[in-house]
Structures are given as structure tokens and as C-alpha cells.
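Have a look at the structure below before the remarks.
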Protein chains: 2
Amino acid sequence: MKHFFNRRETIVSEALDGLLRTSGAGDLVRLDGYPEIKVILRADWDKSKVSVVSGGGAGHEPSHAGFVGKGMLTAAVSGEIFASPSVEAVLAAIRAVTGPAGCLLIVKNYTGDRLNFGLAAERARAEGFAVEMVIVADDIALPDINQPRGVAGTLFVHKIAGHLSETSHDLAEIAAVARAAAKDIVSLGMSLSSCSIPGQPHEDRFGADDGELGLGIHGEPGVERIAVQSADRLVAIMAERLSERLDPRAAYALLINNLGSVPPLEMSLIANAVLGSPFAKSVKMTIGPGPLMTALNMNGFSLSLIRLDAARQEALLAPVGPHAWMPAKPIAAPVVVPIVKAAEQPASHRASQDAGTRRLIVAVCERLISLEAALNGLDAKSGDGDTGSTVATGARSILERLDTLPLANPAATMGAMGDILSSSMGGSSGVLLSIFFTAAAQARSGGASLANALLSGLERMTFYGGASPGDRTMIDALEPALKALDANGLEEAARAARVGAEATSAMDKAKAGRSAYIGAKLQGVIDPGAHAVAEAFAAAVKIASA
Amino acid sequence: MKHFFNRRETIVSEALDGLLRTSGAGDLVRLDGYPEIKVILRADWDKSKVSVVSGGGAGHEPSHAGFVGKGMLTAAVSGEIFASPSVEAVLAAIRAVTGPAGCLLIVKNYTGDRLNFGLAAERARAEGFAVEMVIVADDIALPDINQPRGVAGTLFVHKIAGHLSETSHDLAEIAAVARAAAKDIVSLGMSLSSCSIPGQPHEDRFGADDGELGLGIHGEPGVERIAVQSADRLVAIMAERLSERLDPRAAYALLINNLGSVPPLEMSLIANAVLGSPFAKSVKMTIGPGPLMTALNMNGFSLSLIRLDAARQEALLAPVGPHAWMPAKPIAAPVVVPIVKAAEQPASHRASQDAGTRRLIVAVCERLISLEAALNGLDAKSGDGDTGSTVATGARSILERLDTLPLANPAATMGAMGDILSSSMGGSSGVLLSIFFTAAAQARSGGASLANALLSGLERMTFYGGASPGDRTMIDALEPALKALDANGLEEAARAARVGAEATSAMDKAKAGRSAYIGAKLQGVIDPGAHAVAEAFAAAVKIASA
């Protein structure tokens, strides 16, 4: 797998500096101890409160440094990727942020972390600091193990202890509450891939159709191979394991954690699967979905639950400084509101008759239908050869609905033709012509002349479509025609359309529309859309002079 | 690639429902139009303000529905993955949230979006709504193209227009400001992989050492193949391209966007590379790094900049409802604070003499050194055969520093031995013994008897180490010995240690320490750590009775 980094030795310190550079001026600082001592702390810390310190190996970002800030951690100690920080690093963190109120260390249950944080705690005590430690062992993947791992559920303890510290509770109380909370947390992970470490060779141990259930956050194998199957079924398997550990009468907060590389789209889908299942009856609030305790780029997620009581609920809901913490939200079924229907059409938009308009429409449409093969032939030289069919389809659909048109009302007739073309003609050209007629109708009903109304339609079609005169499109006939119509009447318009259409055969590069992809081999070929426009005007002239 | 989903047809609607379930009760709602009409809107919307509506294909989450809320979008219209929403869907959104103040549509520059949002805008106008549209075309990947793509820089326009709407500006002003902003935005993307679509076969077009520069957000190929190289150099290439488009005298906001599956660790490292480079002199504030406009699971990132003026800056800094928006932060070099040194040791901790203590330490250490080969041999049957060497190394390090120990002060001597062992002995056992002596010293200086102080040390070592009596560790000798020492003196302690050590040979499963992994084949083998403890006590008895 490929990664963004410079040198393996400095991945973690560079990332921590990146966090500092993007967290706001001076809110967070670091201790001057690189490379060994990688400690991020609150710049504004008041030692009259209990410091809350956590950390562990890197690779779990935003844990832990991302959670340093008001209402959560006072300091975070980072090791290298998946390696515990040293005793000296932890001790430096404790010394930096701990005053008379003391320090709570929150440690995930891994031997290295327990020992290094533990010895640091003992040294700090020897130096006169009051230090307590809570060890979080929330992973239920291995039900009989003596030492369950600490995973994403640890964040509940950060949040609760951080809130109690912020609200000036004392060390004994915070430690007791944190320990009790840690006992009431369960987590379970699932992944479709293992994670890879920047700068190290990686071999995915997963088969093409395999996932794993019960993973930790360091790439260690899961407890069970599990076939890739629907998200609903994968979630149901996890929910079943987790449910065994829940009190059915209790309410829980659920943290939905992206282990690394699951797209946000899929994380929301997973959240829906969890919260739409019977399992949700135990869940009162959610945190996430989002990347909270990751395992580098693992393509998996974890679910963590904590049993709620009033104090925990208050602590979890309290706002915090770090943006990486996602606010706890009460869960709710999706609220669905009815679609507002369009207002009913006025009487002037209902079917009506006008013999001249009818003749004009019929003549133009029949002309366009007659050109189907010719236009397809022109298009085959520059595009996919379907312009004639598309145009003919649109023209036929107008003819089919001729009796529904409000022919006595030219504006309403153009609006109705716009509606018909958008649904019947298909493709970009159907939408473009629909825009043309819809906007023209709007201008006409606002009092514009027919020519000016059609020019308004052209302006909107050009704006949305993005083509300009000279781009070898129907606009090269339509624009000169409409300008001439406004100035000199229909016959001049038809002449201008023909001149404009012919001119497209001298354009060597289509810049918009599908033929933009073809390049410079179109010299001598007339654009089929422009040709259709010119022919439509010619048909209109013929009828008008008949 | 493997994905979490149920059925292709419902991926987007399930994900949108997941968003609704986890966004808080009733803040967001959706229109009742699944499967075709996928519109998320603010439940609390006040139509006396200008509605701000955006959207496009799905696969870019949290864009766009994740940005619906106070101060940003009023509604978001989602298509299927990478496909524009229908005209009807856009029109339904406009109708649902637009009142007399009108509606601004924000559209990324793709033909499908332009046409479908465009026709919806024209239809809405025909229905009497005031509608304006701004098209964002911020991608500079293709410098000569007529129609640059709209990518992550679109979010600046969401934020600015959303702020102006929230603060009750009128449609003409918001549209003008949004259009001007869109002209002052540039973006560029880079990736090490293409993205894969759930339920569709995927072939990564990237070679093992290839990345691409100038990618869009739909898996379309980048403009250039680029060799995978250091993050600093990749960032420098992007910075160079972007710099060509910046006014060197102007200040910019920088949005650092995860295109999907870059681990947060690497995103922070990228942010550091960008902000630590000369390019940063143009940057006044940052948004991110984080997933803001993703392309499913693309392993890449994009940089977007907007030229700042006072109004844009105010708009970007204003707080918003949606958590997916990452607050703009002023940039700052990392602040580094000095490490607090440990307080200097008092005089009672400096080197001093006590002949009895010295003899005791020498005797125990020499005994342990003499056991090196025997302990290694025992360990080879259950572990990696190095217990003897580890113990001997620790003992030698104590002897080497004998003249530095405060021998006249037993508590301080134990503390000093703890310090020596943690740095010289190595491994878990070095840290465990260091915890043991450090905690014992602390208890002793607090007035505990030697036996009780050592029991305190054992209690801490057990807490941090996680082993219990019966787990086949040194604790099986140490615990009975220290209990006997407290009750009946040294000779009984030595006897109890020996009994305890021998008992480990009947334990069939090690539950802690390295031999936990070996399983049930240890019957008849004494634990080397427990044996060492028993021998240490035996040596102490011999000296005491000499």
C-alpha cells in the first residue's frame, strides 16, 4: 500500500506538528522533547484542576492528541506507530500539566502502555504528585481472555473524566467515576482489510471474500474469519455479540468508529444498519460515525457502548473544545416530510386552439422528423450518431401531445413544450431545449416580444450549458437567427440560421457538447444541431409564406 | 475492493437515513421521495431567509447533506453515486425550502449538474420563485480547459453563502458575493489510488509506484502520472501549481481535504508539509485536514484556496451547525514549551554507606548473576530463553552503581534501584521490578515497615502488570515470601518463596507474561522468575545469618 510520508522516523512528530499548525494559534503546544518525548498539551491549562492524561502508540489518530482541549484531555503522550510511549515521555507529560489537584492517567489495556504509564505514575508519586490510573479493557472480541484489549470505548472515559475535571471535581471522585465507567463499556471491531504501516512492506492476510470479526487496533488478526456479506448481516452479527454483554433494561450510548479507510458514505450506511435494527432499542444516543480511534488505513469499523446513568449522560453531552470529538446526539428515526406539489396550472395553461401556431409546430416537427437519418449521419462523423434520433424523438413527442397544448397562449405553449422535451427527448439536448423553452416562456409571459423571449431562452441555455458561439453547437445557428428575427423578421432569421449552420463546417474544434472529445478532425462537416436549427427556421418560413 | 453495503440500489438512501439517525432528533429531515428524490433539509427552516441549496452525485460525503444546517446549506439534493440528481429532485428541494426571499443554487461545474439544476431553476422561476445559481469551477488541474471541474473549493461558497443567508442578506447580494467568491477559488488534487464504487468491479489503474496529480472527485484519471515520492516533494509540486494562480500580495484560506481513505495520521503530516513550506506565507487560516469533499475511498487529498477579504474571512470564521464543517483556524507555527525537569534530589538521596545493606545487595546480586545459565535454561522451556540474562544484567547494573546508592536510607536505596533497573535491565521485567522498587520506596518513606513497603510494591506491580498469583510468574514466589516476611521474618519468607516457586511447576498454563502464548505444556518446569525470587531470598537469609 502507498502512503504519504517523508521518513519513517519522523512520521509521528511531523503529524503532531501538523495538528498544532491546524488547531488554532496557541491553543495546543508541545513539549520540547522530540524525537523521544512527543507530548501535546493544552496551552491554557490551570493546574488547580485534575489533569487528564492519556496516550499510547500512534496510528490511532485523532486519538489521542486530537482530543486534547477543553473538556477532554489535558495532555496526550504519543509513542511511535503502534508502540507505547516511553516512561520518560509519560512522566514529562504528568510533570507539565499536574499541580496540587493531581492527575488521572487513562490507559488502554496493553502491556507496554500499562507498564510505561504505570512506572511513570509511580515515579511521579515519588516526586510528590497525586496520580491515579484507570485501565480500559473494553474489547469483547475474546470473551475468555484475562486481559481484554482497550479500544475505541476508551474515548468514553476521556470524555467523562475530561468533563469532571473541567467542572472541578477532585481526583478521587474522577478516578472512581472513570473506573466505574470503564467497567461498563463494551466494544467490538470488524474489518474487510488489515492495516498497513507507512514505509513497511504490507501483505493483506485477507482473502478476496473475507472479513474479520473481533479485531484490535494494531493490525493483529481478528478472532474470526467472516465472509463478506451485506452490511445488515455483518452488523447483525456484531449486534448479537454485543447484546450478550448488555443489560436489556439499561440505556446505552453508542460510538460508531471508522477504523480508518471506510468511506463516509459507507459509515453512514453502517450507522443506518445499526440504528435501524432491533439492537437500537438499547441505544439512547450516538457519537459518530466518524474516525475517532483509527488503526491507520484499516477498512473496518467498531461499535462501542457505555451504559448510561444521569451523570454519564450529562458528561457525554457536554460540549468540548476538540473538534475531533463528535457531539453525542439523541437518536431518532428519520423524519420524512411530504413533497410540496407544484401549484396547479391556471386556466390559461390548459389546452386551447390556434390554427397558425398549430400549423407552425406541425411543420417544424415534421421537418425535423424527416431529417432523422441525415442528422444521424452528420453526427456519426463527430459524435455517437444519434442526434437525428434524439431530435426526431423530441419532435414526435410534441406532435403526440399537440392537443394538450395551450396553443392560444404562446408563452404557455413554449412552457408546455419545455416540460414535454425534458421528459421525452432525453440526453443533454432534451434538458437544454427544455431550459430554452421554459426560460423563453417565462420572458414572454413577462411581456417580452417573441424574438426577445427566445433570446432570453438562449441566454439561459448558454449559461447552463456552457457553450458559446463558435463552439460548433446548435447555438451557432440559433443565436444569429434569433438576433435577425428580432431585427428583421422571420425570413432574415432563417437566412442567418443557414449561414450560421454552414459556418460550423469551418470550425475545427468542438469545445462543448459530446464532440468536444473528438479533437480537430471535423473540418468540412456541418454540426448536426446547427443544421437542425436552420432547417426548423426554413420550415417556419415556408409555412408563414404559404 | 471490498465495501460495506446492502444493495447497490439503496446505498445512497440508506446512507442518508444513517445521517438523519445520527444528526440529532429532528434537526434534519428528508423529503418523502425515495428512491428518486433524495433531499435532506433543515427542519427549522425560516423561509423569510434566502434558501441555499446544493447537491450533486453521491460519493462525496459529508458533501452535501452533511453540510445542511444552521449557517450553511438549507437543503442538499443527492443523486446516485457520481450521478447528478434529477430535475424533479432539485425542484422538490427548491419548493420545500424557498419562500419570498428566494433561493441560491450552488452547483459544481459538471454538465449533468449544470443542466439538471439549471432546468430546475428555470421551472422554479416559472412557478414564481426567485432563483439564482452560482457555478463553481475551482479545479486548476487542466489549465486550458474551457470548463474546469468543481471540486472541494465549492465548500467555501457553501460556507460564505450560508453565513450571508443566516445573517439575512438578500438574494441579489448573496448571489453576487457567491459568484465573486467562486472566481477567487483554486483547487488541486493528488492521489495514490483511484476510488472504487461499492458493488462494481474495480481495477486500480495506478502502478505500484505511481500517483496522479490533478484528479477530480469521480475516479476520472488525473492530468499527470507522478512518481510516489516524499510527502514534502508531492506537496511542493502541488504548491508550485497552485502558487501560479495566487496573488502573492493576497491572503488566503486553505482547505485541506481528505479524498477518502488517507489515514488521519498522514493527513496531519500532509498539513504539516504544506504549512511548513514557503507556500504557507500565502495562507492565513486553514480548514481541515479532514474528509470534506471525498471521492469514495480515494487514497488522496486536495488543497483548495480562497482569496480572503474582510467579509469572506468573517463568513468563514462564523460558527455553523453541521459538525462536518471543520472550523477555520488561524495558522501558527507549533509552539514548543520546555520540559519541566524533576525536582533535584534531596541530600538523603545522595550516596551514603551502610555495611549491612551493602552486603545484602551484593549477596543477592551475585547469587542472581550466578544463576544466569540455569534461569535461561528454565526459560527456554517456556519462553525465549533470556530470563537469566535479563536478571543478570539487572543485577550487574546494580552492582556497578553500588557506590552511588544512598545505602544509609533504605527507602531512597529502593527508589534508586528502581531507577537503575528501568533503564538498564530492559524488557517488561525491568519495568515491573522498577515499579516494584519505586512503589516500595514510596511506601517505606511514608513510614511503612520494610515488609509492608515491599507488599505495596508488589500490589502496584500486580496492578500494572496484570498478573495474579497462580499465573506462573515471579509473583507466585514473591507474594507468599513478602506475606511471611511481614508475619514471621526473613527465614520464613525464604521458605515460603521456595514453596511458591516449586508450586509453579504444577501450573499447567501461564496466563500472563510471555509464556502465556505457549499453552499447556509446562507441567514439571519451574517458572524461572519465581525461581530467581526464591534464590534471592535464600541468599539474603545466608547473609543475615552469617
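The values are calculated or read from the model by the stated rules, or taken from the named source; none is laboratory data. Please read these numbers as outputs of a predicted model, since none were measured by experiment. Heads up, the Cβs are rebuilt from the backbone with ideal geometry, glycines too, and the neighbour counts pull from every protein chain shown. Surface areas here come from the heavy atoms of the whole protein model, side chains and all, with no ligands, DNA or RNA. Shrake-Rupley method; radii C 1.70, N 1.55, O 1.52, S 1.80 Å.
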* Asked: Is the range A:280-290 home to any residue that is facing chain B (nearest Cβ under 7 Å), under 27 Å from A:S193 (Cα atoms) and of a type in the set (A, V, I, L, M)?
  -> no
* To do: State all residues of the range B:460-486 that are free of Cβ contacts under 8 Å to residues at least 24 places away in the same chain, open to solvent by 60 Å² or more (accessible area, probe 1.4 Å) and either within 11 Å of another protein chain (Cβ to nearest Cβ) or over 24 Å from A:P148 (Cβ atoms) (or both); if no residue qualifies, say none.
  => B:F463
* Using the structure shown, decide if A:H202 is in contact (Cβ under 8 Å) with a residue 40 or more places away in the chain and farther than 18 Å from A:G57 by Cβ. => no
* Counting just the residues of the range B:226-267 that are free of Cβ contacts under 8 Å to residues at least 40 places away in the same chain and open to solvent by less than 20 Å² (accessible area, probe 1.4 Å), which one comes out farthest from A:G57 (Cα to Cα)? -> B:I226
* Kindly establish whether B:S268 is more than 8 Å from every other protein chain (Cβ to nearest Cβ) and of a type in the set (S, T, Y). => no
* Structure fact -> All-but-one check, B:M133 against (1) farther than 12 Å from B:V52 by Cβ; (2) within 12 Å of another protein chain (Cβ to nearest Cβ); (3) surrounded by fewer than 24 Cβ atoms within 10 Å (Cβ to Cβ); (4) of a type in the set (A, V, I, L, M), failing number (1)
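So, restricting to strands (runs of 3 or more DSSP E) that lie completely within the range B:203-259, which ones have at least 1 residues that are in contact with a Pro (Cβ under 8 Å, 6 or more places away or on another chain)? Please lay out each step first, then the result.
Numbers: elements: B:210-213, B:224-227, B:252-258.
Once the strands (runs of 3 or more DSSP E) in the range B:203-259 are filtered for at least 1 residues that are in contact with a Pro (Cβ under 8 Å, 6 or more places away or on another chain), what remains is B:210-213, B:252-258.
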* Structure fact -> Among (1) assigned to a strand (DSSP E or B); (2) free of Cβ contacts under 8 Å to residues at least 40 places away in the same chain, A:A124 falls short only on (1)
* **Considering residues of the range B:330-361 that are part of a helix (DSSP H, G or I) and either among the aliphatic types (A, V, I, L, M) or more than 30 Å from B:A539 (Cβ to Cβ) (or both) only, the residue nearest to the chain's Cα centre (by Cα)** => B:A347
* **Which numbered condition B:R125 fails, given (1) in contact with a strand residue (DSSP E or B) (Cβ under 6 Å, 6 or more places away or on another chain); (2) open to solvent by 20 Å² or more (accessible area, probe 1.4 Å); (3) more than 30 Å from B:A239 (Cα to Cα); (4) more than 10 Å from chain A (Cβ to nearest Cβ)** => (4)
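If you scan the range B:366-385, which residues turn out to be outside any helix (DSSP H, G or I), in contact (Cβ under 8 Å) with a residue 12 or more places away in the chain and surrounded by fewer than 20 Cβ atoms within 10 Å (Cβ to Cβ)? Can you show your working first?
Taking the range B:366-385 first, the residues outside any helix (DSSP H, G or I) are B:371, B:381-385.
Cutting the leftovers down to in contact (Cβ under 8 Å) with a residue 12 or more places away in the chain gives us B:371, B:381-384.
Those that are outside any helix (DSSP H, G or I), in contact (Cβ under 8 Å) with a residue 12 or more places away in the chain and surrounded by fewer than 20 Cβ atoms within 10 Å (Cβ to Cβ): B:K381, B:D384.
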* Extreme residue, surrounded by the fewest Cβ atoms within 10 Å (Cβ to Cβ), among residues of the range A:394-443 that are of a type in the set (S, T, N, Q) and facing another protein chain (nearest Cβ under 10 Å) -> A:S423
* To do: Could you grab me the full set of residues in the range A:278-329 that are outside any helix (DSSP H, G or I), touching a His at 6+ places or on another chain (Cβ under 8 Å) and open to solvent by less than 10 Å² (accessible area, probe 1.4 Å)?
  => A:M293, A:T294, A:A295
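Rundown of residues vs (1) in contact with a Leu (Cβ under 7 Å, 6 or more places away or on another chain); (2) within 24 Å of A:A416 (Cα to Cα), yes/no style:
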site: A:P330; (1), (2): no, no
site: A:P338; (1), (2): no, no
site: A:Q345; (1), (2): no, yes
site: A:R350; (1), (2): no, yes
site: A:A355; (1), (2): no, yes
site: A:R358; (1), (2): yes, yes
site: A:R367; (1), (2): no, yes
site: A:S382; (1), (2): yes, no
site: A:G385; (1), (2): no, no
* Out of curiosity, is A:S191 within 29 Å of the chain's Cα centre (by Cα), within 11 Å of chain B (Cβ to nearest Cβ) and either closer than 19 Å to A:V77 by Cα or modelled with pLDDT of 95 or more (or both)? -> yes
* **the range A:148-186 - residue that is more than 14 Å from chain B (Cβ to nearest Cβ) and over 24 Å from A:A75 (Cβ atoms) and, of those, nearest to the chain's Cα centre (by Cα)** => A:V186
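Let's see how each residue does on (1) touching a Phe, Trp or Tyr at 6+ places or on another chain (Cβ under 8 Å); (2) of a type in the set (A, V, I, L, M, F, W, C); (3) outside the structural domain of B:A96 (by TED's automatic domain parsing):
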site	(1), (2), (3)
B:G128	no, no, no
B:I135	no, yes, no
B:D138	no, no, no
B:D170	no, no, no
B:M190	yes, yes, yes
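Name every residue in the range A:4-56 that is assigned to a strand (DSSP E or B) and either within 7 Å of chain B (Cβ to nearest Cβ) or open to solvent by 10 Å² or more (accessible area, probe 1.4 Å) (or both), in order of residue number. Step through it out loud before you land on a result.
The initial filter retains those residues of the range A:4-56 that are assigned to a strand (DSSP E or B), namely A:28-31, A:33, A:37, A:39-42, A:51-56.
Once the filter is applied, which keeps residues that are assigned to a strand (DSSP E or B) and either within 7 Å of chain B (Cβ to nearest Cβ) or open to solvent by 10 Å² or more (accessible area, probe 1.4 Å) (or both), the range A:4-56 yields A:L28, A:V29, A:R30, A:L31, A:G33, A:I37, A:L41, A:R42.
A quick yes/no check of all residues on (1) surrounded by fewer than 24 Cβ atoms within 10 Å (Cβ to Cβ); (2) within 23 Å of B:T462 (Cβ to Cβ); (3) among the basic types (K, R):
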site: A:P143; (1), (2), (3): yes, no, no
site: A:A152; (1), (2), (3): no, no, no
site: A:F156; (1), (2), (3): no, no, no
site: A:K159; (1), (2), (3): no, no, yes
site: A:T167; (1), (2), (3): yes, no, no
site: A:L171; (1), (2), (3): yes, yes, no
site: A:A176; (1), (2), (3): yes, yes, no
site: A:S187; (1), (2), (3): no, no, no
* B:H60 is checked against (1) in a strand (DSSP E or B); (2) within 11 Å of chain A (Cβ to nearest Cβ); (3) touching a residue at least 40 places away in the same chain (Cβ under 8 Å) and fails just one. What number does that condition carry? -> (1)
* Kindly check whether there is at least one residue in the range B:106-122 that is modelled with pLDDT of 95 or more, of a type in the set (V, I, T) and touching a helix residue (DSSP H, G or I) at 6+ places or on another chain (Cβ under 9 Å). => yes
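Return yes when A:G79 is farther than 19 Å from A:E132 by Cβ and within 11 Å of chain B (Cβ to nearest Cβ) and no when it is not. Steps first, please.
Details: farther than 19 Å from A:E132 by Cβ: yes; within 11 Å of chain B (Cβ to nearest Cβ): no.
Spelling it out, it is not the case that A:G79 is farther than 19 Å from A:E132 by Cβ and within 11 Å of chain B (Cβ to nearest Cβ).
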* **Subset tally (residues that are more than 29 Å from B:T74 (Cβ to Cβ), touching a residue at least 12 places away in the same chain (Cβ under 8 Å) and among the small types (G, A, S)) for the range B:311-365** => 4
